[in-house]
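Trainee: First, the structure itself, so that you have it in front of you.
Derivation of every value follows stated rules applied to the coordinates shown; laboratory data play no part. Model, not experiment: these values are computed from the prediction. Cβ coordinates were reconstructed from backbone atoms using ideal geometry, including for glycine residues, and neighbour counts include every protein chain displayed.
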């Protein structure tokens, strides 16, 4: 069964000709008897992304996740599960379902542009604004427009400026901070069909294993070696546009747009620290995790540099460090582990707050 409304992936493509780069839109079928991009429908999005990427070779840093109605709900879900694949998430007339709400902190490095209609009979205004309220409480980067006179509508002239700017947004590849929460209940492993959906990685963190499978598990890791670590100031906006005779779209004054729309606009922007002194250190908090792997090279701590890893974990955990130099020594207490020929070192870390010292190669 096909979903009634499906999400879209926008890709920024260079085709080797003299023509300017252009956008390609691909539409996953979102198969399955259920809704909300779960199970085979989730796999469809990943399969379409892989196939279109192979065929058209788009810029991997300019792939937009979007969808309307059920596709908007699916956008919130797919963005939370795979935040490092997209340059921006644009849920249109959607919201974050309760099962997705605990995963919204996974949007640490992925901005959300949320559009809804106040007269929507399928997604009530309180449900859509509830998601916006949660994004605001979490301090995540977002922009949200609630159009007073719109219902379950996926577009309009007033929206166009939002879409037009999307190809200019660039994916974050190696962020200074990675926050990723795993819900084990979302894992799907079906030997009969071969379907395997495991959510255990984002950016330079991988191999995430939840300890108590009845609960969520979370990693919060910050590299002090990368630029722009941390937020210096959170800028909040909450304003109304009541209409005027001069014309306006969702982005600002525009004499060509006189739709008569009015709306509430809410947003959070960040002023990011860009002059903080760097340190060859990684700070990690693990909550209900039995294992996690950190790519030290992508975290800015490769190349054989001496570094320090500070860990706060509430369970015993296996920590793997990759991207080291072969033979590089990692010390925990009085025990030393040497990186193997692949530059990987594995350590058993007891619950508590502790420090791993990484010697220079």
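Trainee: Would you give the gap between the C-alpha center of segment 292-361 and the C-alpha center of segment 18-84, rounded to a whole Å?
Mentor: Distance between centres, Cα-based: 35 Å.
Trainee: If I model segment 236-349 as equal point scatterers sitting on the Cα atoms and use the Debye formula, what is log10 I(q)/I(0) at q = 0.21 Å⁻¹?
Mentor: -1.15
Trainee: Taking only C-alpha pairs under 8 Å that are 6+ residues apart, what is the relative contact order of the chain in percent?
Mentor: Once normalised by length, the contact order is 12 percent.
Trainee: Taking the 0 to 90 degree range and rounding to the nearest ten, how far is the long axis of helix 125-138 tilted relative to the main principal axis of the chain, both from C-alpha atoms?
Mentor: The angle comes out near 30 degrees.
Trainee: Okay, next question. Just rank 183, 316, 44, fewest to most, by other beta-carbon atoms within 10 angstrom.
Mentor: 316, 183, 44
Trainee: How big is the gap, in Å, between the Cα center of segment 86-102 and the Cα center of segment 115-175?
Mentor: Result: 9 Å between the Cα centres.
Trainee: If each residue's Cβ is checked for other Cβ atoms within 10 Å, how do 271, 93 rank with the fewest at the top?
Mentor: Taking fewest neighbouring Cβ atoms as first place, the list is 271, 93.
Trainee: To make sure I understand, if each residue's beta carbon is the centre and we count other beta carbons within 10 Å, what order do 344, 223 fall in, fewest to most?
Mentor: 344, 223
Trainee: With the crude spin-label approximation of a point 7 Å out along Cα→Cβ, what separation in nm comes out for residue 272 versus residue 29?
Mentor: Roughly 3.9 nm, to one decimal.
Trainee: Once both labels are modelled 7 Å past Cα along the beta-carbon direction, what's the residue 335-residue 320 spacing in nm?
Mentor: Computed distance between label sites residue 335 and residue 320 equals 1.7 nm.
Trainee: Considering only the chain, what is the antiparallel percent among its DSSP beta bridges, to the nearest 5?
Mentor: 75
Trainee: Further question on the same structure: Where is the GNM fluctuation largest for the chain (alpha-carbon springs, 10 angstrom cutoff): 43, 233, 129?
Mentor: In this elastic network of the chain, the residue with the biggest mean-square fluctuation among 43, 233, 129 is 233.
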